[in-house]
Structure formats: structure tokens, C-alpha cells
Amino acid sequence: MPKTESSKNSENSEYRFKPIGFIESPYRQKFAIPRQPGLVPSARGIIHFTEEFAHSDCVRGIEAFSHLWLTFVFHETAAQGWKPLVRPPRLGGNMRKGVFATRSTFRPNPIGLSVVELVAVEANKLIVRGLDLLHGTPILDIKPYLPYSDSVSGALGGYADANPTTGMSVSFTPAAEAAILQHQHEYPELRQLISEVLQQDPRPGYQREQSWDKEYGMHLYDFNIKWRVIANDNHVISIS
């Protein structure tokens, strides 16, 4: 297609955005974050608006919607740049796909899109769940999810056409159960959250096909959670 003077100028344009808020999330590191939103329903988060947008008029009527689209920045990986080919974890990290045929965090513009469930609207913040965002993620925009247009009947999902169920179970040592009980008042869904995260099998794809006798660790909230994979069971050893 021939380029007009306007399109040539647009190619050299840069756009600056400022966050409207930041997410408070149980995920304190990239490892163990579910690879898509909605896979861990117990994952609750809070969108804290910045001062400029912390006004009730900005969210007037939003409570009528059950779900929201969040546009955000991959702030932790942005500095690492991007490549035209990436290795999707869904394919075990062994096959390359074009960056625009994936949801990789390493993109020309490090912007992501997630749909979350709206739980409550409170002063200067929104309570959401089912999120897949790192703690402190900058939120650029919020839009309501519209079922009649955003859910496309008969859509094809390519190599990620089905829910990535693993069939893995989760068990807890007595020490881990005691730690959950100790923090039950402040974190009533901690056990369920740990279970749902581990059922997604956050290990690297290449480790899933082999018997790795290894202790894994992840951070949820301020907890350091350690587990081992025994057969097809995620065995939670400790929560500290």
C-alpha cells in the first residue's frame, strides 16, 4: 500500500501514557502467575487509582458490569526488549511462534490485556478477582466487558484452543496446614489460592515431561511457599 505523508509521519510518532492506577496482587513474582486470566478464581486484587483518577465520577455505573477489561504494562519485563519469534509456554517452550501470534510479555510495546471479575467498588479502588497480574502492575485503562460483542461464538484458539487442565492434585503437609490455619483470619482463601495456582503447574514446560526431584518455591502475598512434585501431586511442604 502506498504511504501518504501522514502515514509516514505516524510511523515516527511516539505516544506517552500515564497509569490511572496500580494493582495490588497476591503474585509477588512472575513465576507461578497463571498464564491467562480467570484460571485462578481465588486470586483477588485491588486496583488503587492514582490521585487524578480517584474520583467517584470516574467509575460511576461500573458496578452494573460483572467483568472488566484491564489494559496494563508489563513493567517487569519491558526493559528486556522483544524478538519477532518467541517460545510459548503452552507449547512446552520448544516451538517458536511469531510474537503477534502469542501473548508473550516480550512485545514491541509492553502492553497487556486481561479480563477480570469485578467484586466490589469501594472508595478510590476496585476489588477484582481472577487476575493474572504481578503486584504493582501499572493500569493504563479500564473498560467494561460486553458479553454480546466480546464473546465470539465459534472463535478459534489456534494452539491454545482448550483450557490448559493438568489433572494435578495438591496436598499439604501438617506443617503447611498449620501455617494456613494460623493466617486464616487475614487470608481466608489462602489454601484455595495455593491449590488453584499449583493445579496450573507453574513449572517450566521442559520440566513437566521429566521426573525432576526438585523443591520449588513461589511468593504469594508475603508468604514463601515451597513444594515438590510427587507423581502427579503438588506436595506443599512449607508456608513461611
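Key figures
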| quantity | calculated |
| --- | --- |
| Which listed residue is at pLDDT 95 or above and not in a loop (DSSP other than H, G, I, E, B), from 192, 207 | 192 |
| Selection count, the range 51-89, where residues are assigned to a helix (DSSP H, G or I) and within 15 Å of the chain's Cα centre (by Cα) | 1 |
| Residue satisfying condition, being open to solvent by 40 Å² or more (accessible area, probe 1.4 Å), assigned by the TED database to the domain that holds residue 135 and touching a Lys or Arg at 6+ places or on another chain (Cβ under 8 Å), within set 28, 44 | 44 |
| Near pairs, Cβ below 9 angstrom, 6+ apart or cross-chain, from the range 90-104 (closer than 14 Å to residue 161 by Cα) to any residue that is open to solvent by 60 Å² or more (accessible area, probe 1.4 Å) and aromatic (Phe, Trp, Tyr) | 90/159; 91/159; 101/159 |
| Leading residue by the ranking (nearest to residue 89 (Cα to Cα)) among those in the range 23-60 that are hydroxyl-bearing (Ser, Thr, Tyr) and touching a Gly at 6+ places or on another chain (Cβ under 9 Å) | 27 |
| Residue that is nearest to residue 142 (Cα to Cα) [pool: residues in the range 71-98 that are out of contact with any Leu (no Cβ under 7 Å at 6 or more places or on another chain) and hydrophobic (A, V, I, L, M, F, W, C)] | 74 |
| Among residues of the range 168-189, those that are within 24 Å of the chain's Cα centre (by Cα), of a type in the set (Val, Ile, Thr) and not in a helix (DSSP H, G or I), counted | 1 |
| Which listed residue is outside any loop (DSSP other than H, G, I, E, B), touching a helix residue (DSSP H, G or I) at 6+ places or on another chain (Cβ under 7 Å) and touching a residue at least 60 places away in the same chain (Cβ under 8 Å), from 128, 121, 115 | 121 |
| In the range 151-162, the residues that are in contact (Cβ under 8 Å) with a residue 12 or more places away in the chain and at negative phi | 159, 160 |
| Matching residues in the range 136-150 - criterion: being assigned to a helix (DSSP H, G or I) and either among the basic types (Lys, Arg) or in contact with a Phe, Trp or Tyr (Cβ under 9 Å, 6 or more places away or on another chain) (or both) | 150 |
| Verdict on residue 175 being in contact with a Lys or Arg (Cβ under 7 Å, 6 or more places away or on another chain), among the small types (Gly, Ala, Ser), touching a residue at least 40 places away in the same chain (Cβ under 8 Å) and open to solvent by 30 Å² or more (accessible area, probe 1.4 Å) | no |
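The values are calculated or read from the model by the stated rules, or taken from the named source; none is laboratory data. The shown structure was predicted, so the numbers you read here are calculated from the model rather than taken from an experiment. Here the Cβ is made from the backbone with ideal geometry for all residues, glycine too, and neighbour counts use every protein chain on show. Keep in mind that these areas ignore ligands, DNA and RNA; they rest on the heavy atoms of the full protein, side chains included. Shrake-Rupley method; radii C 1.70, N 1.55, O 1.52, S 1.80 Å.
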